[in-house]
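Let me begin by presenting the structure, written as structure tokens, before commenting on it.
The values are calculated or read from the model by the stated rules, or taken from the named source; none is laboratory data. Everything numeric in this text was worked out from a predicted model, so none of it was measured. Cβ: placed from backbone, ideal geometry, glycine included. Neighbour counts: every protein chain shown. Surface areas here come from the heavy atoms of the whole protein model, side chains and all, with no ligands, DNA or RNA. Shrake-Rupley method; radii C 1.70, N 1.55, O 1.52, S 1.80 Å.
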Amino acid sequence: MKGLLKNTWKNRTLFFMALPAVILLIIFHYVPIAGLVVAFKKFNFTDGLFKSPWNGFANFGYLFKVGDTAWRLTRNTIGYYLIFTITGTIGNIAIAIGINEMIFKRAAKYFQSMMILPTFISYIAVAFVVKAFLQNEIGIINRFLIMMGGENYSFYLNPRWWPLILTLVKTWKGIGYGSVLYLSVLTGIDHALYEAAAIDGANTWQKLRYITLPMLVPMVIVMTLLGLGNIMHSDTGLFYQVTQNNGLLYETTQVLDSYVLNAIMSSVDFGMTAAATFCQSIVGFVMVVGTNLIVRKISPEDALF
Amino acid sequence: MGSKKKKVGMGQWVLTGSMGLYALICLLPVLLVVVVSFSSNESVQHKGFSFFPESWSLKAWEYIADYGTQLVTSYKVTIIITTVGTALSLVIMGMFAYSLSRSVFRLRGFLSILLLVTMLFNGGQLSRYIIYSSMYHLKNTYSVLILPGCVTAMNVIILRTYIQSNVPEALVESAKMDGAGEFRCFWQIVFPMMKPALASVGFMRAVNIWNEWQDAYLFINDDARTPLQLLLILIEKNIDYALNNAKDIPAAEYMELLKNLPQETCRMAMLLTALGPIMVAYPFFQKYFVKGLTVGAVKG
């Protein structure tokens, strides 16, 4: 301990260089963690966070009382997480292999640039565009339906198609960017492997099946495990903005994060919201630590800590 | 693969075709925004949103030029928070990454843990909202748009990994022999050598600030501090609000109201002004962030 102090004093310039970042982390990250106590408080703005009276576990009681909402939020949050993980992984790999297998390298580069572009479009903008597709009467899809002799379909009144719509939007926005990592693995594969396989008479599909895919497996495992920590978190841009936070669509589109955002904006009773976010943080934490334990068992060098 | 003598097979053409098609699909929405912003409003009302409007018009852009004072204000706000936020972020994270990379600095173990924990655990939106607004009083300030995202674990790890694998420790040590202090070593030797990593992290950070809407939505309700993304949200909301509350008024007034609302074409033009700068900057930074992303994957 004394040695550490001495060392820090000796390297005080380094300490002061790290200080601004550390202060920002404490103010904007660690103090809000302490703010989780709000889950056990009867919060009001006049008393503030730490002076509001204690409320024991009453807030968590609400969670069970409104079992329907709690169940819906959990189901949607985890459901979308699973769907997005599966479609995302498949999409990332498909794009990476496709780009990698192209002979026209220059075109492949341009295609990749175009595919990454959606990542940088804000969800607000995406929401505008999605509306241009789905709007009544003048939206592109409804125009098409009417042109084919069908009827106008009110997408914003009907929750039925939204899981598909959100999955398409999410995939479109994410897979170009997500494929970059997989592509870096593919370009690292030793060409001698393919040449040896070719001599043994393997065709393109066999090479893909027995060389390329197995090579990608470690990356898939690592990415999936790292993603597990975010199982309770979703993109509010997607679930709040793209759906226009439309109450009629909540059944299939509302997730925990968009519920909390909505609760804050409409200043409804914070009790249940606080309890929900508390559970969210705990589950997130358990998932990351648990995942890390598993990763450390399977491949220690990929463990986070 | 890659040998040019080989005949290009059928499979290659199918592959290239489908990749190209998908790449095009990625571009289409942006293209739609551009086309609609130059379409005439009648065309949108009559034919709907279309890549091939019946008639073209510059009306939307004229409207923006005439009445776009709030747009100009919001542009200014967004440019300020993006430039200041990105620069601040790079300097603060750069210094932090440098001190974490110095093996003589024994406190770095503890500081690394402090950084990593932020990836594992967070207080959630609600307590964040309560603390920022009622404890720090950050409502309607630039700070709330700049500071909270200033230091992120992933970016610091990318920068530190880059220093460790590209700046030989011997270089720093020899500079110190010559009498340079740690800060001078960092500022004059290491920081300039970090350019590719800084470009990658900086671009991502800039895009994040530019596109950020949630904090603005939660904390800003002052017109003078409204960034672009929030402005877009407000436009959309005001239209819905006006339409929903106008059901009972006489038809003539309703038509008048409809006329005065920003039309679809105007909204797309506004959207394009918000998208434009990123679309323009993107090609220049692309090679850097692909590199940065790959570095980030190498665990430090």
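Overview of values
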| quantity | calculated |
| --- | --- |
| Residue that is nearest to the chain's Cα centre (by Cα) [pool: residues in segment B:148-175 that are within 11 Å of another protein chain (Cβ to nearest Cβ) and free of Cβ contacts under 8 Å to residues at least 60 places away in the same chain] | B:T152 |
| Top-ranked residue in segment B:149-188 [being under 23 Å from A:R12 (Cβ atoms) and of a type in the set (F, W, Y); ranked as surrounded by the most Cβ atoms within 10 Å (Cβ to Cβ)] | B:F186 |
| Matching residues in segment B:53-67 - criterion: being in contact (Cβ under 8 Å) with a residue 24 or more places away in the chain and surrounded by fewer than 21 Cβ atoms within 10 Å (Cβ to Cβ) | B:S57, B:K59, B:W61, B:Y63, B:I64 |
| Counted residues, segment A:123-137 - those being facing chain B (nearest Cβ under 8 Å) and over 16 Å from B:P29 (Cβ atoms) | 1 |
| Subset tally (residues that are surrounded by 18 or more Cβ atoms within 10 Å (Cβ to Cβ) and within 12 Å of chain B (Cβ to nearest Cβ)) for segment A:36-74 | 9 |
| Single unsatisfied condition, A:I103 versus (1) within 7 Å of chain B (Cβ to nearest Cβ); (2) open to solvent by less than 20 Å² (accessible area, probe 1.4 Å) | (2) |
| Listing of helices (runs of 4 or more DSSP H) fully contained in segment B:1-107 that carry 1 or more residues being within 30 Å of B:C150 (Cα to Cα) | B:10-37, B:69-101 |
| Cross-chain or 6+ apart pairs with Cβ under 7 Å, segment A:132-153 first and surrounded by fewer than 18 Cβ atoms within 10 Å (Cβ to Cβ), then among the acidic types (D, E) | A:L145/A:E151; A:N152/A:E137 |
| Residues of segment B:126-141 satisfying the condition of being crowded, with 22+ Cβ neighbours inside 10 Å and more than 7 Å from every other protein chain (Cβ to nearest Cβ) | B:Y132 |
| Every residue from segment B:215-224 that is assigned to a helix (DSSP H, G or I) and open to solvent by 40 Å² or more (accessible area, probe 1.4 Å) | B:D223, B:A224 |
| Failed item, numbered, when A:G88 is tested on (1) among the small types (G, A, S); (2) at pLDDT below 85; (3) in contact with a Gly (Cβ under 7 Å, 6 or more places away or on another chain) | (2) |
| Unmet criterion (only one of (1) over 25 Å from A:R75 (Cα atoms); (2) open to solvent by 20 Å² or more (accessible area, probe 1.4 Å); (3) of a type in the set (S, T, Y)) for A:Y156 | (1) |
| Helices (runs of 4 or more DSSP H) contained entirely in segment A:142-237, each with at least 2 residues that are more than 28 Å from A:K105 (Cα to Cα) | A:162-187, A:213-228 |
| In segment B:93-124, the residues that are surrounded by fewer than 24 Cβ atoms within 10 Å (Cβ to Cβ), facing chain A (nearest Cβ under 7 Å) and among the polar types (S, T, N, Q) | B:T118, B:N122 |
| B:V84 vs. criteria open to solvent by 30 Å² or more (accessible area, probe 1.4 Å), farther than 30 Å from A:N136 by Cβ, within 12 Å of chain A (Cβ to nearest Cβ) and β-branched (V, I, T) | no |
| Residue list for segment B:79-98, filter: without any contact (Cβ under 8 Å) to a residue 40 or more places away in the chain and closer than 14 Å to A:P20 by Cβ | B:A87, B:V91 |
| Enumeration of residues in segment A:43-68 that are of a type outside the set (A, V, I, L, M, F, W, C), under 20 Å from A:Y259 (Cα atoms) and without any contact (Cβ under 8 Å) to a residue 60 or more places away in the chain | A:N44, A:G61, A:K65, A:G67, A:D68 |
| Condition broken by B:F186, with the remaining ones in (1) more than 9 Å from chain A (Cβ to nearest Cβ); (2) under 28 Å from A:I27 (Cβ atoms) satisfied | (1) |
| Boolean, A:L186 is more than 8 Å from chain B (Cβ to nearest Cβ), open to solvent by less than 40 Å² (accessible area, probe 1.4 Å) and closer than 30 Å to B:W13 by Cβ | yes |
| Selection count where residues are part of a helix (DSSP H, G or I), open to solvent by 20 Å² or more (accessible area, probe 1.4 Å) and either in contact with a Leu (Cβ under 7 Å, 6 or more places away or on another chain) or within 26 Å of B:S134 (Cβ to Cβ) (or both), scope segment B:199-214 | 2 |
| B:I79, sole failed condition from (1) open to solvent by 30 Å² or more (accessible area, probe 1.4 Å); (2) more than 21 Å from the chain's Cα centre (by Cα) | (2) |
| Residue among A:A263, A:A276 that alone is in contact (Cβ under 8 Å) with a residue 40 or more places away in the chain and either farther than 20 Å from B:S112 by Cα or loosely packed, with under 13 Cβ neighbours inside 10 Å (or both) | A:A276 |
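Residue-wise test of (1) more than 10 Å from chain A (Cβ to nearest Cβ); (2) over 32 Å from the mean Cα position of the chain (by Cα); (3) modelled with pLDDT under 90.
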position: B:G2; (1), (2), (3): no, yes, yes
position: B:K7; (1), (2), (3): yes, yes, yes
position: B:G11; (1), (2), (3): no, yes, yes
position: B:L21; (1), (2), (3): no, no, no
position: B:S39; (1), (2), (3): yes, no, yes
position: B:H46; (1), (2), (3): no, yes, yes
position: B:F49; (1), (2), (3): no, no, yes
position: B:S55; (1), (2), (3): yes, yes, yes
position: B:K59; (1), (2), (3): yes, no, yes
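Okay, residues lined up against (1) modelled with pLDDT of 90 or more; (2) among the hydroxyl-bearing types (S, T, Y); (3) over 28 Å from B:Q45 (Cβ atoms):
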residue: A:F111; (1), (2), (3): yes, no, yes
residue: A:E137; (1), (2), (3): no, no, no
residue: A:F155; (1), (2), (3): yes, no, no
residue: A:L181; (1), (2), (3): no, no, yes
residue: A:L213; (1), (2), (3): yes, no, yes
